[in-house]
Amino acid sequence: HLSDRARRSGRPLTRAFALPGGGLEIGSMSTSANIDELCRGVVDLHVRADLEQRLGAGKPLRIKAGFDPTRPDLHLGHTVLMQKMRQFQDLGHEVVFLVGDFTAMVGDPTGKSESRPRLTKEAVHAAAVTYTAQAFKILDQSRTVVRYNSEWLEALKPSEMVELCAKYTVARMLERDDFSKRYADKRPIFVHEFLYPLLQAFDSVALECDVELGGTDQLFNLLVGRDLMPRYGKRAQIVMTTPILEGTDARLENGLVVGPKMSKSANNYVGISDVPFDMLQKLLLIDDSVIFRFIELLSSRPLEQIATEKADVAAGRLTVIALKEAFALEIVTRFHDADAASEALARRRSVARGALPDDIEEHTIPSEGGSIGLGKALALANLVKSSSDGVRQIQGGAVHLDGRRLEKEEANIRLEPGNRYLVRVGSKNRKFAHLKAVSYTHLTL
């Protein structure tokens, strides 16, 4: 499905998966039912009438979503988009999983107040290997085509790159929010950053897809593709965006879910390759006030069932903890299996009742002057952010020492050399460790 120019590049397509002959038969559901299912959770749709017309034709649509492999691991935030891809697959449509190995080296400026650091080809390809492997925990591999945009972007001649640039104006680029803010603040915008939306748009030209999916932060880039395709004689793609999932630290403020998006850099993520217990633990620790946001975006439950659960929680017929446990079991089962999910929940309940986990780490803490303050010891064991944070945790009643919760007046308690202590930090997200204080003199000897 590449353009003539891309086909002439001669690049072998050994990384593409063949689709079964003809895909699935379309028409098992009515067009309106298909649209209702496909539009679940969608934020932007350009244009619904186009989608209705193409679905009504009864032929499989070609759906594209691009992923720049800038980091090696996927988290639940990525899966919101992938689940929409899977919905299209389940309705019999073709899905192209596009690895943006070329565009990742350019760097997407979306949401950035400064130029994004450039990545090496080696780093991008290393991340791409894990991206594709993890993606098939959600997508149907037998009905997924994997493409790399270096196949056609590396083949572009300078004259063709100039032609591409000539099809879009600087004024339109500056309509983009992050560009306009940087321009107004006199912060630099580099020419290669203007190229990124055009290169992503050329992916649409090359693949001639019916629909492109992306997060809401990608709306500008996706619409550039929709604008550009007719200028190359192609039918304009339909654009659909899905919400950006907040991190596990999200909160409800004035009726709105607030918080940074889920990411590894913010340490507020649930990785799809996390071990079952860690995955379940993170999901159960999501604030009660925002749990339905995660359920609506990640669960496969029918919307009618979720609405009933909301009513049941509000009326006191269903506890939030029971709701969260059922949701966590669903997600862990999806990425592992039912036995692993049940075992993780049983372990979680055991720890909540006061039982100790099986894998408690032990830390040797060097002390100066014979003993060491517990707050500092907690910081040295990476159980708290700093010594002062450790003291605040003790004052707040969040620290247990040898099975006893410490009181506020014990904030300056000290550990004596030669003794081994069991500490627990936190009430919900509990951290356990054995601490053994050792004097500098003993270490030197």
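The values are calculated or read from the model by the stated rules, or taken from the named source; none is laboratory data. Here the structure is a predicted model, which means the values were calculated and not measured. Please note: Cβ atoms are built from the backbone with ideal geometry, for glycine as well, and neighbour counts cover all protein chains shown. Remember, those area values only see protein heavy atoms, side chains included, never the ligands or the DNA or RNA. Shrake-Rupley method; radii C 1.70, N 1.55, O 1.52, S 1.80 Å.
General observations
- So Lys167, is it part of a loop (DSSP other than H, G, I, E, B), touching a residue at least 12 places away in the same chain (Cβ under 8 Å) and closer than 27 Å to Arg86 by Cβ: no
- Region 148-179 - residue that is charged (D, E, K, R) and under 30 Å from Ala127 (Cα atoms) and, of those, most open to solvent (accessible area, probe 1.4 Å): Lys157
- Criterion violated by Arg182 - all others in (1) among the basic types (Lys, Arg); (2) outside any helix (DSSP H, G or I); (3) open to solvent by less than 20 Å² (accessible area, probe 1.4 Å) satisfied: (2)
- Scan of region 400-430 for residues that are closer than 24 Å to Ile321 by Cβ and open to solvent by less than 90 Å² (accessible area, probe 1.4 Å), ordered by number: His400, Arg424, Val425, Gly426, Ser427, Asn429, Arg430
- Taking residues in region 382-410 that are without any contact (Cβ under 8 Å) to a residue 60 or more places away in the chain, and partners anywhere that are of a type in the set (Lys, Arg) and in a helix (DSSP H, G or I), the pairs with Cβ atoms closer than 7 Å and at least 6 places apart or on different chains are Ser387/Lys376; Gly390/Lys376; Gln395/Lys408.
- Some residue of region 355-365 being hydroxyl-bearing (Ser, Thr, Tyr) and within 30 Å of Arg414 (Cα to Cα): yes
- Selection of region 351-374 for residues being outside any strand (DSSP E or B), out of contact with any helix residue (DSSP H, G or I) (no Cβ under 7 Å at 6 or more places or on another chain) and either within 16 Å of Asp402 (Cβ to Cβ) or open to solvent by less than 40 Å² (accessible area, probe 1.4 Å) (or both) yields Val351, Gly354, Ala355, Leu356, Ile360, Gly370, Ser371.
- Of all residues in region 274-290 being over 19 Å from Ser427 (Cα atoms) and either among the β-branched types (Val, Ile, Thr) or at pLDDT below 90 (or both), the one that is most open to solvent (accessible area, probe 1.4 Å): Val275
- Looking only at region 135-147, and only at residues there that are open to solvent by 20 Å² or more (accessible area, probe 1.4 Å) and touching a residue at least 12 places away in the same chain (Cβ under 8 Å), the one that is farthest from Val332 (Cα to Cα): Val145
- Residues that are open to solvent by 10 Å² or more (accessible area, probe 1.4 Å) and under 30 Å from Gly56 (Cβ atoms) within region 189-214 comprise Gln200, Phe202, Glu208, Asp210, listed in sequence order.
The rows are residues; the columns are (1) within 19 Å of Ser300 (Cα to Cα); (2) part of a loop (DSSP other than H, G, I, E, B); (3) of a type in the set (A, V, I, L, M).
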| residue | (1), (2), (3) |
| --- | --- |
| Asp50 | no, no, no |
| Ile63 | no, no, yes |
| Gly77 | yes, no, no |
| Val80 | yes, no, yes |
| Gln83 | yes, no, no |
| Gln87 | yes, no, no |
| Gly92 | yes, yes, no |
| Val96 | no, no, yes |
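- Under the condition of being among the charged types (D, E, K, R) and at pLDDT 95 or above, the residues counted in region 294-316 number 3.
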